[in-house]
Amino acid sequence: MSSQRPTPTRSFRRKLLLFGGLLMLWPLFRFLFHKVPRKPRIVEVSGTLQNDTVLTKQDFLIFKEHEQLWAVSRNCTHLGCRINYIEKENHLECPCHQSRFSIQGKVLRGPADKALPRYAVEPTESPSTYLVTIS
């Protein structure tokens, strides 16, 4: 019984074929795991918004303070519960686990550890209509 060892040429060919096969799988991995960036959604909102006030909508809250406009998501970053605005204390609170957020969306108290997403708000020509860009 003689043991046959692969010649150096055969060993090189095997490695070359293996490398070529793996290289051909790269486009498949890119196709399967590629994330397509979402297009921003623009929402038109109607409502009166004076200085130091808030406009509550289903998916976000719009704030106006010192002529600056911004919106924050109403979905808690902990478990996705609906956030409420507590006017007396001027903060946002999750009713599920009492996470607190500033009106800018920053975490004040956990269990949530991520800030709320902020959205750009632009006034339109009409004084009571705003465009919110949700990205």
Using only the Cα atoms, work out Rg/Rh for the range 41-134, with Rh taken as the Kirkwood radius, to two decimals. 0.97
Can you pull out the GluC sites (Glu not before Pro) in the range 1-76 whose DSSP state is coil and whose Cβ has at most 15 other Cβ atoms within 10 Å? 67
Residue 65 long-range amide H proximity, modeled H, under 5 Å: 52
Select from the range 83-115 those trypsin sites (Lys or Arg not before Pro) which occupy a DSSP coil region and have at most 16 other Cβ atoms within 10 Å, ordered by residue number. 88, 106, 114
Between the range 70-90 and the range 116-135, how far is it from one alpha carbon centroid to the other, in angstrom? 17 Å
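No value in this document is a laboratory result; all are computed from the given coordinates. Values in this document were obtained by computation on a predicted structure and should not be read as measured data. Using ideal geometry, Cβ is built from the backbone for each residue, glycine included, and neighbour counts are taken over all protein chains shown.
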